[in-house]
Amino acid sequence: MNNYDEALEIIKREFREIKLLTEEHDLYDAIDRVIAEDITADIDLPPFDNSAVDGYAISYSNKNEWKIIGEVSAGNYQTYQLKPEDAVLITTGSKIPITTDTVIPIEDVEVDGSILRLKKNVIIEKGMNIRPKGNDLQKNQIAVQKFTKIDSKVISVLASCGIEKAKVFRKLQTAILATGDELIPVNEKPTEDKIRVSNIYSLYAAVKELNQSPISLGFIKDSKELLQQKIKEVLDTNVDLLITTGGVSVGKYDYLKEIFNEVGVVEKFWKVNIKPGKPIYFGVYSKNNSKKLVFGLPGNPVSSLVTFNIFIKPAIEYLYKLKTINSINAILNNDLKKKDGKRHFLRGILEQEGSEWKVISKFSQSSGNLVEMSKANCLIEIVEEKRNLSKGDNVKCILI
Ligand code: AMP
Ligand code: MG
């Protein structure tokens, strides 16, 4: 049986093979998408020498008194030929008049009619408060690198470079199918031994949170024929990923592994030495030069969401080369039991206490407890060789 690191590596290897398609979107619609090309600056940034403050532009000398001969405000440049004794009022961001080289901040001067005087003890330096043209970036240099996520910081750079439409990578079409005889739709009240299908909703949300395209296929009974037909059908569409839940363990009606094999999915692994989520299946379906990746997640609501977070999420982030901060170290606030050699991913609640992060894990850790899961904001990762942990230990917390 593979351990966690090996299994994740196998998944990443297959994700590396995915050929990401591209599409164009207006800048606003490209938010949170990953840019598919290097963007070079078509102009110098900033495009002209400009003032960093509100003040007075002068030509540097030993003087401490000048004559104000006019003003330049942002967007309203006027040409002035300044003599050494002249000054021009200038606002932040305004283009620096030719023949001036220094801006004195408004706080450092006194104005008396058209006379400008330096306040006592103020020292000025040549070139102060000028943001030179091209200081941020020069024309033809790369402003935004391919594989950068378009967020609030990056989008303004694109706008400054005149990018109206951005070429971004397409989202992964991710089909989600739940399996199980016990499942009923959410608008029905469970009778006897039925439960409302909840997994597809959490996985749908998780796919969406990663800015990919979820496609809910609902749920299907544990019937070999129905399952085979449905899975064949899905694999014939243009989905990139297929995520199923349930039916992948060793129970009498856990048919999925067998069915994947029958329809031509090549198994890459089944079962990983982790808790929860041990029976996870991963396979690859190849057709017409394209590959579809197939994840059979366990049906337990906690296991399916945990395995999504520890396998599929990092693989998608790897594919798009995203530099997401996924984990932080925290001090454990209670003792934790671990008796086996599996890698554990325990639900925890991270809280900041002063300058420290503390994590509490008081959950029952039962894979069936959805409400408990909903309160967690991290998974405490405990590696194979570690056993019981004590309050005060440092632990890695994967943010969820
Ligand atoms: P399985 O992986 O099919 O053995 O299912 C494990 C447990 O998860 C069982 O208790 C199922 O009732 C439950 N389960 C399976 N599928 C779902 C689902 N889609 N939503 C909620 N619970 C599920
Ligand atoms: Mg089942």
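If only one of Lys224, Lys171 is under 23 Å from Tyr255 (Cα atoms), modelled with pLDDT of 95 or more and away from ligand 1 (no atom under 12 Å from the Cβ), which one is it? Walk me through how you get there before you give the answer.
Values: Lys171 fails: under 23 Å from Tyr255 (Cα atoms).
Step by step, each of Lys224, Lys171 is checked, and only Lys224 is under 23 Å from Tyr255 (Cα atoms), modelled with pLDDT of 95 or more and away from ligand 1 (no atom under 12 Å from the Cβ).
Do we find that Ser152 is within 30 Å of Ala36 (Cβ to Cβ) and among the polar types (S, T, N, Q) in this structure?
yes
Please indicate, with yes or no, whether at least one residue in the stretch 242-265 is within 16 Å of ligand 1 (Cβ to nearest atom), modelled with pLDDT of 95 or more, among the aliphatic types (A, V, I, L, M) and under 24 Å from the mean Cα position of the chain (by Cα).
yes
With the requirement that a residue be at pLDDT below 95 and either of a type outside the set (Gly, Ala, Ser) or buried (at least 22 other Cβ atoms within 10 Å of the Cβ) (or both), what does the stretch 275-290 give you?
Hits for the stretch 275-290 are Lys287, Asn288, Asn289.
Only residues that are in a strand (DSSP E or B) and within 25 Å of Ile195 (Cα to Cα): list them for the stretch 346-400, please.
If the condition is that a residue be in a strand (DSSP E or B) and within 25 Å of Ile195 (Cα to Cα), then Leu346, Arg347 are the ones that fit.
Can Gly218 be described as more than 25 Å from Ile18 (Cβ to Cβ), part of a strand (DSSP E or B) and touching a residue at least 12 places away in the same chain (Cβ under 8 Å)?
yes
Could you pull out every one of the strands (runs of 3 or more DSSP E) wholly within the stretch 249-344 that has 2 or more residues that are farther than 15 Å from Glu381 by Cα?
Result: 266-270, 281-287, 290-297.
Going through the stretch 292-312 one residue at a time, which ones are surrounded by 24 or more Cβ atoms within 10 Å (Cβ to Cβ), within 8 Å of ligand 1 (Cβ to nearest atom) and among the polar types (S, T, N, Q)?
Ser303, Ser304
Can you pull out every residue in the stretch 324-355 that is surrounded by fewer than 16 Cβ atoms within 10 Å (Cβ to Cβ) and farther than 14 Å from Leu399 by Cα?
Within the stretch 324-355, Ile331, Asn334, Asp335, Lys337, Lys339, Asp340, Gly341, Glu353, Gly354, Ser355 qualify.
Which number in (1) in contact (Cβ under 8 Å) with a residue 24 or more places away in the chain; (2) more than 19 Å from Gly180 (Cβ to Cβ) marks the one condition that Leu297 misses?
Evaluating Leu297 over (1) in contact (Cβ under 8 Å) with a residue 24 or more places away in the chain; (2) more than 19 Å from Gly180 (Cβ to Cβ) leaves (2) as the failure.
Which pairs do you get when a residue that is farther than 24 Å from Ile312 by Cα and modelled with pLDDT of 95 or more, found in the stretch 178-205, comes within reach of a residue that is assigned to a loop (DSSP other than H, G, I, E, B) and of a type in the set (Lys, Arg), reach meaning Cβ atoms under 7 angstrom, with the pair 6+ apart or on two chains?
Listed by first residue and then by second, the contacts come to Asp181/Lys221; Glu182/Lys194; Ile184/Lys194.
Out of all the residues in the stretch 80-120, which are farther than 12 Å from Glu65 by Cα, modelled with pLDDT of 95 or more and among the polar types (S, T, N, Q)?
Those that are farther than 12 Å from Glu65 by Cα, modelled with pLDDT of 95 or more and among the polar types (S, T, N, Q): Thr91, Thr92, Ser94, Thr100, Thr102.
Does any residue in the stretch 76-100 that is assigned to a strand (DSSP E or B) come within less than 9 Å, Cβ to Cβ, of a residue that is acidic (Asp, Glu) and modelled with pLDDT of 95 or more six or more places away or on a different chain, and which pairs are these?
Val88/Glu71; Leu89/Asp54; Leu89/Glu71; Ile90/Asp54; Ile90/Glu71; Lys95/Asp49
Tally time: how many residues in the stretch 167-210 are part of a loop (DSSP other than H, G, I, E, B) and within 15 Å of ligand 2 (Cβ to nearest atom)?
Final tally of qualifying residues: 7.
Exactly one of these conditions fails for Ile104: (1) more than 41 Å from the chain's Cα centre (by Cα); (2) of a type in the set (Val, Ile, Thr); (3) not in a strand (DSSP E or B). Give me its number.
With respect to (1) more than 41 Å from the chain's Cα centre (by Cα); (2) of a type in the set (Val, Ile, Thr); (3) not in a strand (DSSP E or B), Ile104 is out only on (3).
Just to be sure I understand the filter: pairs with C-beta atoms under 6 Å, separated by 6 or more residues or on different chains, first member in the stretch 262-274 and buried (at least 16 other Cβ atoms within 10 Å of the Cβ), second member among the small types (Gly, Ala, Ser). Which pairs pass?
Val265/Gly283; Lys268/Gly283; Val272/Ala7
Out of all the residues in the stretch 293-327, which are within 16 Å of ligand 2 (Cβ to nearest atom) and hydroxyl-bearing (Ser, Thr, Tyr)?
Those that are within 16 Å of ligand 2 (Cβ to nearest atom) and hydroxyl-bearing (Ser, Thr, Tyr): Ser303, Ser304, Thr307.
List every residue pair whose Cβ atoms sit under 9 Å apart, with the two residues 6 or more apart in sequence or on different chains, where the first one lies in the stretch 8-32 and is touching a residue at least 24 places away in the same chain (Cβ under 8 Å) and on the phi < 0 side of the Ramachandran plot and the second, anywhere, is surrounded by 17 or more Cβ atoms within 10 Å (Cβ to Cβ) and of a type in the set (Asp, Glu).
Listed pairs, sorted by first residue: Ile18/Asp240.
Scan the stretch 217-245 for residues that are surrounded by fewer than 19 Cβ atoms within 10 Å (Cβ to Cβ) and polar (S, T, N, Q) and jot them down.
Ser223, Gln228, Gln229, Thr237, Asn238
Given the conditions (1) near ligand 1 (Cβ under 10 Å from one of its atoms); (2) outside any helix (DSSP H, G or I); (3) in contact (Cβ under 8 Å) with a residue 12 or more places away in the chain, report the number of the one that Asp151 does not fulfil.
All conditions are met except number (1).
The values are calculated or read from the model by the stated rules, or taken from the named source; none is laboratory data. Being a predicted model, the structure only gives us computed values, none of them experimental. Neighbour counts run over all protein chains shown; Cβ positions are idealised from the backbone, glycine included.
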